[in-house]
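Working notes, beginning with the structure itself.
The values are calculated or read from the model by the stated rules, or taken from the named source; none is laboratory data. Bear in mind the structure is a predicted one, so any value in this text is a computation, not a measurement. With ideal geometry, Cβ positions are generated from the backbone for all residues, glycine too; neighbour counts draw on all protein chains shown. In case anyone asks, the SASA skips ligands and DNA or RNA and just uses the protein heavy atoms, side chains included. Shrake-Rupley method; radii C 1.70, N 1.55, O 1.52, S 1.80 Å.
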Amino acid sequence: MECQRCSASARNPATVESRKEKFCDECFIKFVSTKQRKQMMKDEYFRNLFKVIYPFEKEGSVSKILLPLSLSDSGSLVMLDIVHDLLLEQTKQHNNRTGFTVDVLTVFTEENVSVIKERMESLINEKMSQLNKISNIFNVHFIDVNEFFNNASEVSTFIIDNENFEIFSKSKSVDDSNILTLKEILGKYCLNSSSRSDLISIIKTQLIKHFAYENGYNAIMWGHSMTKLSEVIISLVVKGKGSQIATFLDSESFDTLNNKPCKYKNLYPMKDLLSVEIESFLQIRNLAQFLINVEETNVKPNCLIARKSLPSLGQQKLVKNMTINEITNKYFQDIQNDYSNIISTVLRTADKLTQPKSSMAKPSQCQICQSKIYTNPSNWLNRITVTSPYPVETTEEKYLFKQWQDSKLGQSHTHYVELLNEIKQGASNSLDVEDSDVKLCYGCLILLNTSIKDKNLVWPKVDTMDITANATNKNKELSQILDQFEINSDGEE
Amino acid sequence: MSFTAPSDPVNKPTKVKVSQLCELCHSRKALIRRPKNLSKLCKQCFCLVFETEIHNTIVANNLFQRGEKVAVGASGGKDSTVLAHMLKLLNDRYDYGIEIVLLSIDEGIIGYRDDSLATVKRNQQQYGLPLEIFSFKDLYDWTMDEIVSVAGIRNSCTYCGVFRRQSLDRGAAKLGISHVVTGHNADDMAETVLMNILRGDVARLEKSTAIITQSSGSPIKRSKPFKYSYQKEIVLYAHYMKLDYFSTECTYAPEAFRGTAREYMKNLEAVRPSCIIDIIQSGENLALKAKKSNARKRVVKFVDGNRCARCGYLSSNNICKACMLLEGLEKSRAQVAIENDTSADGAALKLRALEKLSF
């Protein structure tokens, strides 16, 4: 079998088969890189960001790009590899000058901090050393996921009224005694793996966007493949967040954060590539060694012709232990053989969507996921759900009701009612319950109502958050970690 | 020795534990976990809640006008049986002032539709509602069994869907009724939302969650009062109210792609039971970008209310889908037929019987 892309005179043996075409290693890498670069040049804004502009000394001629790197996801690693090649090319062609600088940002947790450090070090030393010698083009940053909680001066407790789905909240200032941690939030409030994964994803996205906002980046390059994007789109629909699809995919407008306009746009350079193609690229370039938790990631059988072996999938999870995104991913894998174009169709359809018309009196933003709210979720849910009981009639029923009231179950219910009343009272003192005070989007309301213990959640107030400015002063331990892990442009710790 | 009365094993009072009580009234034993939100409910609370939710949907969307004559698309299955029962119940309870007629379509599937129509006839007696039956044979001169023998079993849903939709409208028009109510439930609607995204059916994407569908050129509107009602709750309600319904699935193959979406939703429900209404919520908030006009491209504009050149039925094209399908069928119809031939009758039924054979 020969590569179909090589010139007729010197055809290399084919190693990869994708989209009914056979490629050799070199042609496949070119194929993947071209797909990514095409997205990076998709409109004038991005073309100006990435190309070298002369005169070079002119202010703003070098743009700042943020590249969130997750070592448990091959998309962002492959994207970094291609961007690295592009930067090297530019330095060669333009006398060590590039059109943009790349800041790699990795969010770490307590559990994976050491392995991330080790893998990042070897990645920088083995793959990026050449570029790293040229100052300021390539920087690496780390953020502790708990920064999300450490840097808010206030937290809010949200609670859902189980009779009418109204959301009430109460804020209090944070001191050393009540700083939240991710572990606490996930352990104390989440009832299943899906809610845990949703909250982690919200926190990581918020951290990255805050970092981009506060450091004045021009674009965030997300490593989502076409498969991943389709999975997210369908999962958003399933979670009742369909209205957010258009904003999520938007790479034409500048982002907004907490109602403030940002200087950056979101870009998905890998959106034309299937995850199997990314996995193949990873194998050819020998990048899989830098990934962590490979057995947990969704490594699928790839399209490599000769080297079929890949890290094993591990034990298959039971459906009830899977997250919504994992179930969606499994669905795509299952039907991919019979309906091959379904992934691209989902993305193409989602690209045609726009923001729905808002029925809100005032523009509101969800205080958990920061997305725009278009309809009052409590009213919608209240209209279609009845929570009033059939009347208590017989003496036996009255007796049982009394028994329930006196029981532990009744008391725990009373505790919920007490908490609700306390927050309600606080809310009525300061706020009117109007459309303008809608605090959560439908998806987050449902998350709280169905997957969070006692329907209440403590969450940092985003408008009181400052991710980078005072981070090191606030937390000595964190500053030590940052000192330890921040890699400067010379590649030294 | 004193006499001790033997204990009464039948009327012995059962002790209800507090943890077994209904989560709404806290005074009766919970019998079910509500599929919509998994709350434990007693029979009385479940039925009241289910009925009131449908009433709320009807009122909030202003589905009925006083004095209106409404046709219930009745197939004898669980959805339409509960719908007929529910509309009669709510009409009496809340005085909507509507006149209800059962409207059935006989597709001509021997071993399936004949049995389900028998159920509809029993329902007619039970609820005291008038019933009208229209058949594919009368309207199109084809039965579904004949269509399948010509077009094959894989395409059965395409033909049946197009003809049934049109038959309901034609039937209602003949009876002078301008409102057809169907038993489409929340599961059907969520499935449709997902399928429209998965198949990229942009034309239907925005309209897929509409509770009332009406075309400006047609006098007949359709509505779905069960839009927010879970299929499982409909089945439970039918069970507790002891409703008489026909529960066999259509003997012809279900649409393969819909089957995959159904399986996917089943898995999702295991993780988050509310996902069905969550999908509908998302579906209601999907909006399409305005199309960029392309001057060079000749655009055939969709005209609402356009009519088929052959049969005069509503159609977005010059000739409606039913007429196009009929034309294809006529071409394949056998020129010579055996007198009193019944070989095509119940083809699906025979296939099902053969599938179950084991040696």
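Annotations
- The mean number of partner chain beta-carbon atoms within 10 angstrom of a residue's beta-carbon across peptide B:126-139 is 0.
- Only lysines eight or more places from B:LYS227 in sequence, or on another chain, were considered; those with a Cα closer than 20 Å are A:LYS239, A:LYS241, B:LYS36, B:LYS78, B:LYS88, B:LYS207, B:LYS266.
- Think of each Lys and Arg Cβ as +1 and each Asp and Glu Cβ as -1; about the Cα centre, that makes the dipole of chain B roughly 1320 debye.
- Amide H contacts under 5 Å for A:PHE108, placed H, 5+ residues apart: A:ILE143, A:ASP144, A:VAL145
- Amide H contacts of B:SER104: B:ALA74, B:GLU132, B:ILE133, B:PHE134, each under 5 Å away and 5 or more positions distant or on a separate chain (H built 1.01 Å from N in the peptide plane; Pro and chain starts excluded).
- Scanning chain B for DSSP H helices at least 20 Å long along the axis (C-alpha atoms) with a Kyte-Doolittle mean no lower than 0.0 picks out B:43-60.
- For segment B:45-288: rounded, prolate or oblate by the Cα gyration tensor [a/c cutoff 1.5]: rounded
- Extending 7 Å from the Cα toward the beta-carbon at both B:SER7 and A:SER177 defines two label points whose distance is 5.5 nm.
- Segment B:45-288 - share of DSSP beta bridges that are antiparallel (%, nearest 5): 10
- Expressed to the nearest 5 percent, the antiparallel share of DSSP beta bridges inside segment B:23-147 is 15 percent.
- Global geometry of segment B:1-141, whether rounded, prolate or oblate, following the gyration tensor of its Cα atoms and the 1.5 cut on a/c: prolate
- Average beta carbon contacts from partner chains per residue of B:260-271, 10 Å cutoff: 5
- Shape of the protein assembly as shown, Cα gyration tensor, a/c cut at 1.5: oblate
- FRET efficiency estimate (nearest 0.05) - Cβ-Cβ, B:GLN125 to B:LYS15, R0 30 angstrom: 0.10
- Ranking by accessible area, most exposed first, for B:LYS321, B:LYS15, A:LYS133 with a 1.4 Å probe: B:LYS15, A:LYS133, B:LYS321
- Ignoring lysines fewer than eight residues from A:LYS265 along the same chain, the ones with Cα atoms less than 19 angstrom from its Cα are A:LYS38, A:LYS42, A:LYS51, A:LYS64, A:LYS204, A:LYS209, A:LYS352, A:LYS372.
- Given +1 at the Cβ of Lys and Arg, -1 at the Cβ of Asp and Glu and no other charges, the dipole of segment B:2-139 around its Cα centre is 960 debye to the nearest 20.
- When shorter helices are ignored and each DSSP H run of at least 4 residues is given -39500 (n - 2.57), the per-residue value for chain B at 222 nm works out to -13500 deg cm²/dmol.
- Among the trypsin sites (Lys or Arg not before Pro) in segment A:49-122, those located in a DSSP loop and surrounded by at most 13 other Cβ atoms within 10 Å of their own Cβ are A:LYS58.
- Shown in residue order for segment A:374-384 are the 3J(HN,Hα) couplings computed by the Karplus curve 6.51 cos²θ - 1.76 cosθ + 1.60 at θ = phi - 60°: 9, 9, 6, x, 5, 4, 4, 5, 5, 5, 10 Hz (x for Gly and Pro).
- Using a simple spin-label model with pseudo-atoms 7 Å out from Cα toward Cβ, A:ASN421 and B:ASP141 lie 7.6 nm apart.
- Simple label model, 7 Å out from Cα along Cβ direction - A:ASN125 to B:ALA256, nm: 5.4
- For chain B, built as a Gaussian network whose Cα springs stay under 10 Å, the top-fluctuating residue of B:LYS17, B:LYS78, B:LYS137: B:LYS17
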